[in-house]
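Below: the structure, in structure tokens.
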Amino acid sequence: MLNLRKLVHNVQMSIKNAESLNVDMGEAKGTLTDFKQRQKFAAKQDLLHAVKQLKDSIPKLPEDSELLANELNALDGDATLWALKMRLERVAGLIAELPESSESITIRVPDDIMNDINADLEEINKCYNANCFRSAVILCGRILETGLHRKYFDATGIDLLEKSPGMGLGTLIAKLAEKGVSTDPALNNQIHLINQVRISNVHHKKETFFPSKDQTKAIMLYTIDAVNSLFK
């Protein structure tokens, strides 16, 4: 169920982004001459794309998942953000009831970073099982950093950990894009959520963000999937 949970997580993050921009799903495209209007339109398109990807998974559902298939079919990109959130909550609940796949989850990375990533994965599982969800999310950020830095080294031969330590994940993705290295389009939403936890840890004036158990699980699974996609 790794991919299905990831797709739900992508829609959740797209809705969160659309809400932050006060997107009206029924609003016409307009002229898009205003920067904020362009932002809203881009957020709406991201959300519609995430919903479509989730609905495209219907043919791959188990045969006894008729109720889940009906809920997915009912996802309407023209609905209000509130209606989408309510429908998605029902979808997430039904997915949680599906039996876990017997297929083991593995991570595929170059040998020279495998030990570091496996050590972080072990710590993440300990944090998750102890209900220390914020710590688990922060460690997911560490894994993404390790994978992205290694990918940049593969593409350029430059070790940014030595030349520019402390570089943000968003900046690192932008530098990869400059070198023609594509990443999962939903990765920025994932990083935004991880950064919410990190920033509230460092800046006491920021509102503390407490990810739920389900959010943390989705972030963990997405992190593994995103790093695997870097080193196909």
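The values are calculated or read from the model by the stated rules, or taken from the named source; none is laboratory data. Everything quoted here is computed from the prediction, not taken from an experiment. Cβ sites come from the backbone with ideal geometry, for glycine too, and all protein chains shown count toward neighbours.
Listed residues 140, 132; which is buried (at least 17 other Cβ atoms within 10 Å of the Cβ) and under 20 Å from the mean Cα position of the chain (by Cα)?
140
Here are 125, 118: which of them is polar (S, T, N, Q) and farther than 29 Å from residue 15 by Cα?
118
Identify the single condition in (1) assigned to a loop (DSSP other than H, G, I, E, B); (2) at pLDDT 85 or above; (3) not hydrophobic (A, V, I, L, M, F, W, C) that residue 183 does not satisfy, given that it satisfies every other one.
Condition not satisfied by residue 183: (2).
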